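Notes follow once the structure below has been shown.
The values are calculated or read from the model by the stated rules, or taken from the named source; none is laboratory data. What you are looking at is a predicted structure, and each value in this text was computed from that prediction instead of being measured. Heads up, the Cβs are rebuilt from the backbone with ideal geometry, glycines too, and the neighbour counts pull from every protein chain shown. The protein model used for the area step is the full one, side chains on, heavy atoms only, and it has no ligands, DNA or RNA in it. Shrake-Rupley method; radii C 1.70, N 1.55, O 1.52, S 1.80 Å.
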Amino acid sequence: MKREDIHRMIRVDQAGEFGATRIYEGQLAVMGDRGPHSQEIAHMAEQEKVHREKFDALMAKRGVRPTALQPFWSMAGYALGAGTALLGPEAAMACTAAVETEIDKHYSDQLDELEANNADPELAEMIEKFREEEREHHDAAIAHGAEKAPAYGLLSGAIRLGCRAAIKISERI
């Protein structure tokens, strides 16, 4: 694999983890620390913060530039989190389930590519660990009523589409 391909992976993963922290910040700003599922959201937010910090450190170590759209993802992530929380706790969980579905696929695709090329064991190990935690977030969101959110299919589909677009854009810009 080319260095440029590895940098693209790191850039988009850092952007995604940054966006996830902003989603949870928006949700917790609306729900507070005593709302339904707030403790679960705070736990997931803490894990996402660790993921972001690890990618921040990897970017600095390897000289990877961040996406130029980070300010936009900051606002969009916060708005998505706050907006879904305003719809109710199940909608907040639906947001998590949708995002994590796409992140699981994204991380799995990256792992397949890294393994097929026997490339970058450090990055592969990080992605594999974080993917497992993202899967736990998905499962927790389902267990906490994500599928009971109003218009779940529509909400989930729209969020998943937005995630796929954000991934493609952040890989390049």
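Placing dummy labels 7 Å off each Cα toward the beta-carbon, the span from Phe72 to Lys168 is 1.4 nm.
Where only DSSP H runs of four or more residues are counted, the chain gives -29500 deg cm²/dmol as its mean residue ellipticity at 222 nm, each run worth -39500 (n - 2.57). Compared with the dominant principal axis of the Cα atoms in the chain, helix 121-143 is inclined by about 10°. Per residue, the solvent-accessible area of the chain (1.4 Å probe, heavy atoms of protein chains only, all protein chains present) comes to 49 Å². With respect to the chain, whose longest principal axis is taken over its alpha-carbon atoms, helix 3-31 is tilted by about 20°. For the range 40-173, the fraction of 1.4 Å probe accessible surface lying on carbon and sulfur atoms is 59 percent. Selection among Gly26, Ala98, Ile173 by position relative to the dipole of the chain gives Ile173 as farthest towards the positive end (Cβ unit charges, Cα centre).
Computed from label points 7 Å out along Cα-Cβ, the spacing between Ile142 and Leu111 is 1.6 nm.
Enter the Cα centre distance for the pair the range 101-173 and the range 1-49, rounded to the nearest angstrom. Here the two parts' Cα centres lie 11 Å apart. Take the alpha carbon gyration tensor of the chain, find the square roots of its eigenvalues, order them as a ≥ b ≥ c, and report rounded if a/c is under 1.5; if not, report prolate when a/b exceeds b/c, else oblate. Verdict is prolate for the chain. Can you give the angle from 0 to 90° between the axis of helix 70-87 and the longest principal axis of the chain, with both taken from C-alpha atoms, to the nearest 10? The angle comes out near 30 degrees. Relative protection proxy for 4-16, 145-157, from highest mean packing down: 4-16, 145-157 (other beta-carbon atoms within 10 angstrom).
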